[in-house]
């Protein structure tokens, strides 16, 4: 589980600043991302597929590639700042 220190933070990737906010969904890791560009905000959550593999997915569906990319950045940020 992610601690309170990671409720709100910013990431930068390829010159785009992303404001990240952890969502309060008990039992789930979910985040809302607001981009410093023209892209619409993105909500992502950790999910488990039929093979029990964990992955990031967008809510609603349709932005899977972004969800996976931003999810990996969030994981890297949290691991490097714990």
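The values are calculated or read from the model by the stated rules, or taken from the named source; none is laboratory data. These figures come from a predicted structure and were not determined experimentally. In this analysis, Cβ positions are derived from the backbone assuming ideal geometry, glycine residues included, and neighbour counts consider all displayed protein chains.
Assorted remarks:
- Scanning the range 41-57 for residues that are free of Cβ contacts under 8 Å to residues at least 24 places away in the same chain, closer than 24 Å to residue 80 by Cβ and part of a strand (DSSP E or B) turns up 43, 45, 47, 54, 55, 56, 57.
Conditions (1) modelled with pLDDT of 95 or more; (2) exposed (fewer than 10 other Cβ atoms within 10 Å of the Cβ), marked per residue:
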| site | (1), (2) |
| --- | --- |
| 42 | yes, no |
| 47 | no, no |
| 52 | no, yes |
| 61 | no, yes |
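- The set of residues in the range 1-40 that are surrounded by 13 or more Cβ atoms within 10 Å (Cβ to Cβ), assigned to a strand (DSSP E or B) and without any contact (Cβ under 8 Å) to a residue 40 or more places away in the chain comprises 19, 21, 22, 30, 32, 33, 34, 35.
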